[in-house]
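Bear in mind these aren't lab numbers, they're just calculated from the coordinates by the rules spelled out. Remember, it's a predicted structure, so these values are computed and weren't measured experimentally. Here the Cβ is made from the backbone with ideal geometry for all residues, glycine too, and neighbour counts use every protein chain on show.
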Amino acid sequence: MKNKVTKAIFPVAGLGTRFLPATKSIPKEILTLVDRPLIQYAIDEARAAGIKEFIFVTSRGKSALEDYFDDAPELETALRKKNKDELLQELKSTNMESGAIAYVRQNKPLGLGHAVWCARRLVHNEPFAVILTDDVIAAEKPCLQQMMEAYDETGGNIVAAMEVPREKTSSYGVLDCESEDGATVKVKGMVEKPAPEDAPSNLAVIGRYILTPKIMQNLNKLKSGAGGEIQLTDAIAQEISDGNPVYGYRFRGQRYDCGTKAGFLQATVAFGLQRPDLKDEFSDYLTDLMSMRQAAE
Ligand code: G1P
């Protein structure tokens, strides 16, 4: 049995410029898919995987995110008075126990590796997970839980992996694979955002990681990499050079890139169609919309 993973880092310091003007006054992690903010999906996934301590790497302008996890006594009283029990339960499920959540600031936007490094003192000498809230994954068994089960067998470092079209490799960390065993891929190299002609494969890293504390030491020494930023991919690749195991895990599930507008819209439609209270009305609307479009063509 490996050392249990109970801490997760959520790098949420990004400016979210792709979603301006909305992100002028709200953090992008609060943008909602149907009626839940992106961050809630990430927290639910972490909880399902056994995470007990939630570490947020924030920045200026993210206070709405911090408030989101507090108790909301006025709202609770109002809902109780109106006997809205279901909503009350829903609301309470978003509260975080004091001490379960910690915030550290990333005061300069120096990259994902730097954001993770900012949490080094909270991680101490334990393995930890990293969840990127932009990557929303719909899955029967939550992605991080699938990875925890794989980690129980392998230990080491594991990153979620998915095949992407070759022309898209420059948007991802890309794996150089040594061997495969079911869903688990032994990795012999990793490159951040390679051009398609330089990519070692089309197996891309998706934003879920289980990492050894050694990654923090690697980040200590790291110079900036792709895009002039300190890259988490480079700190993980360093482990491979040092002879320590790194695996890719081909998760089962559908990933939505909610860091882009198109991906966000796709996720909204998919999640809307999943909801028992919305799916009939919404799917009728989409069917009508498609037939109107076809008629107009
Ligand atoms: C980050 C990582 C990259 C990974 C991607 C997954 O990139 O640096 O390795 O493939 O997330 O979404 P970003 O999307 O923040 O540029």
Open item on the list: Show me the GluC sites (Glu not before Pro) within the range 1-110 that DSSP assigns to loop and that have at most 10 other Cβ atoms within 10 Å of their Cβ.
Closed with: GLU97
TODO: May I ask for the equivalent-ellipsoid semi-axes of the chain, computed as the square root of five times each C-alpha gyration tensor eigenvalue and listed largest first in whole Å?
DONE: 32, 25, 19
Open item on the list: Could you list ILE39, ILE215 so that the one with the fewest beta carbons within 10 Å of its beta carbon is first and the one with the most is last?
Closed with: ILE39, ILE215
Open item on the list: Antiparallel versus total DSSP beta bridges in the chain: what percent is that, nearest 5?
Closed with: 60
Open item on the list: Loop-only trypsin sites (Lys or Arg not before Pro) in the range 6-39, please: DSSP not H, G, I, E or B, and at most 12 other Cβ atoms within 10 Å.
Closed with: none
Task: Highest-fluctuation residue, LYS193, LYS221, LYS168 considered, GNM on the chain with Cα pairs under 10 Å - done: LYS221
- [ ] Rounded to the nearest 10 degrees, what's the angle between the helix 279-296 long axis and the longest principal axis of the chain, both from Cα atoms, 0 to 90?
- [x] 90
TODO: Once you have the Cα-Cα distance between LEU91 and LYS108, take 0.36 nm times their residue separation minus that, and quote the gain in nm to one decimal.
DONE: 2.8 nm
Task: Spatial separation of Cα centroids for the range 157-205 and the range 222-297, in angstrom - done: 16
Task: Long-range HN-HN contacts of LEU31 with modeled amide H, under 5 Å - done: LEU38
Open item on the list: With θ taken as phi - 60° and the coefficients 6.51, -1.76 and 1.60, list the Karplus ³J(HN,Hα) couplings across the range 20-35 in order, rounded to whole Hz; mark glycine and proline as x.
Closed with: 5, x, 3, 7, 5, 10, 10, x, 5, 5, 8, 4, 9, 9, 6, 9
TODO: Specify the inter-centroid distance of the range 55-104 and the range 117-137, based on alpha-carbon positions, in whole Å.
DONE: 21
Task: Calculated from backbone phi, Karplus (6.51, -1.76, 1.60) coupling profile of the range 220-230 in Hz, x at Gly/Pro - done: 3, 9, 6, 9, 5, x, 3, x, x, 10, 7
Open item on the list: Give me the base-10 log of I(q)/I(0) for the range 230-297 at each q in 0.11 Å⁻¹, Debye formula, one uniform scatterer per Cα, rounded to two decimals.
Closed with: -0.53
Task: Length gained when the stretch THR287-LYS223 is fully extended (0.36 nm per residue, less Cα-Cα span) - done: 17.9 nm
